[in-house]
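These notes concern the structure reproduced below.
The values are calculated or read from the model by the stated rules, or taken from the named source; none is laboratory data. On a predicted model such as this, the values are computed, not experimentally measured, just so you know. Positions of Cβ are generated from backbone atoms using ideal geometry, with glycine treated the same way; all protein chains shown enter the neighbour counts.
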């Protein structure tokens, strides 16, 4: 018997689950989600640190966050699962005039996009927002009180379970090995090791592997993987659980508390020749721990738990903005890729927007022209650098 589906979604992480739920909620039936992992959370979603922020430098990112936040506030009513949203705040610290101007420029963009809650706290207020941080060289800051934290696996579980209740099928351990297109460029089906599935639409929600899936279909998907490492301390109570995410603009060093541990992060370049490398470098651990102890003296006597340190993959695009919409030359191959580390926080919004595009012919909730996959062919990529 021929195996068929209305929609095949490749990738069962938080993004694929969000798309599946939103399609099913809008009446699409026979939606299948294929994932090569052994079960939910085996990919990038499972290692995400769970930050949520509205403080971005471009209007589309701010608006995606505002839409996602609205959806997070009613997530439990919609899916039955608490997403763990805690508005502990995001605190950005600038130590040079150039960094301070970066924050001011971003705040102007935020206000233009409808976000007016971000403040520029003075020195006295800063000392109350994060008393543990060394502020001697800080010239200014930005604070978003409703930014904070979410639980990535709970968002995945909520959308997955709600999608299954609406008839979506998740198939684990099923890797897509080929994508079939006809002479007009339309996708007609996908191939797996256990058989082919004919379908009407395919959604690429493959995360850091989105480019490889695009190659199987013979279409450009401007996504490359980038390793991001996370250092975790031993269990400690030296910092409060609701301490805001605190970020130094200059080198991107940031930290937060989760489940009784302090998580330390600092971006580094990718590893040439090892695009899917998820090892944690000991030399990086030494650097990030030294930076943490310099910036937060309370951590001076707190060691790292090497076994709890880990790495995951960001899905990066050339302009650090997501791809949302049909692939170039393949009108029924839909891309929801390249969130550049913001995938978990934006997944509620992007899943809804893609479902609108697939069901209504256009996104209704937001103008997402800035995210169209064709922008690179059209030489119209976003030129505004993002904060982080």
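The table that follows gives values for the structure above.
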item	result
Residues being part of a loop (DSSP other than H, G, I, E, B) and more than 19 Å from residue 103 (Cβ to Cβ) - total across segment 240-266	6
Residue within segment 132-152 that is over 30 Å from residue 13 (Cβ atoms), assigned by TED's automatic domain parsing to the domain that holds residue 290, assigned to a helix (DSSP H, G or I) and more than 20 Å from the chain's Cα centre (by Cα) present	no
Which numbered condition residue 177 fails, given (1) surrounded by fewer than 21 Cβ atoms within 10 Å (Cβ to Cβ); (2) on the phi < 0 side of the Ramachandran plot; (3) touching a residue at least 60 places away in the same chain (Cβ under 8 Å)	(3)
Test for residue 183: is it surrounded by 19 or more Cβ atoms within 10 Å (Cβ to Cβ) and either more than 22 Å from residue 44 (Cα to Cα) or touching a strand residue (DSSP E or B) at 6+ places or on another chain (Cβ under 8 Å) (or both)	no
Filter result for residue 336 (within 18 Å of residue 14 (Cα to Cα) and outside any loop (DSSP other than H, G, I, E, B))	yes
Set 111, 69: member being surrounded by fewer than 24 Cβ atoms within 10 Å (Cβ to Cβ), modelled with pLDDT of 95 or more, assigned by TED's automatic domain parsing to the domain that holds residue 309 and under 30 Å from residue 127 (Cβ atoms)	111
Residue within segment 197-204 that is assigned by TED's automatic domain parsing to the domain that holds residue 334 and closer than 16 Å to residue 44 by Cβ present	yes
Filtered residue count, segment 37-66, keeping only those that are under 27 Å from residue 369 (Cβ atoms), assigned to a helix (DSSP H, G or I) and either out of contact with any strand residue (DSSP E or B) (no Cβ under 7 Å at 6 or more places or on another chain) or in the same structural domain as residue 230 (by TED's automatic domain parsing) (or both)	8
Qualifying residues in segment 152-165 (those that are surrounded by 17 or more Cβ atoms within 10 Å (Cβ to Cβ) and touching a strand residue (DSSP E or B) at 6+ places or on another chain (Cβ under 9 Å)) - the one farthest from residue 54 (Cα to Cα)	163
Filter result for residue 201 (buried (at least 16 other Cβ atoms within 10 Å of the Cβ), under 26 Å from the mean Cα position of the chain (by Cα) and more than 22 Å from residue 64 (Cβ to Cβ))	yes
Matching residues in segment 114-131 - criterion: being surrounded by 14 or more Cβ atoms within 10 Å (Cβ to Cβ) and under 24 Å from the mean Cα position of the chain (by Cα)	115, 118
Residues of segment 349-376 classified as closer than 19 Å to residue 210 by Cβ and either at pLDDT below 95 or assigned to a helix (DSSP H, G or I) (or both), total	13
Any hit, segment 325-341, residues being out of contact with any helix residue (DSSP H, G or I) (no Cβ under 6 Å at 6 or more places or on another chain), in contact (Cβ under 8 Å) with a residue 60 or more places away in the chain, at positive phi and buried (at least 21 other Cβ atoms within 10 Å of the Cβ)	yes
Tally, over segment 212-233, of residues that are without any contact (Cβ under 8 Å) to a residue 24 or more places away in the chain and either closer than 25 Å to residue 279 by Cα or buried (at least 24 other Cβ atoms within 10 Å of the Cβ) (or both)	1
Hey, residue 314 closer than 20 Å to residue 344 by Cβ, touching a helix residue (DSSP H, G or I) at 6+ places or on another chain (Cβ under 8 Å) and at pLDDT below 95 or not	no
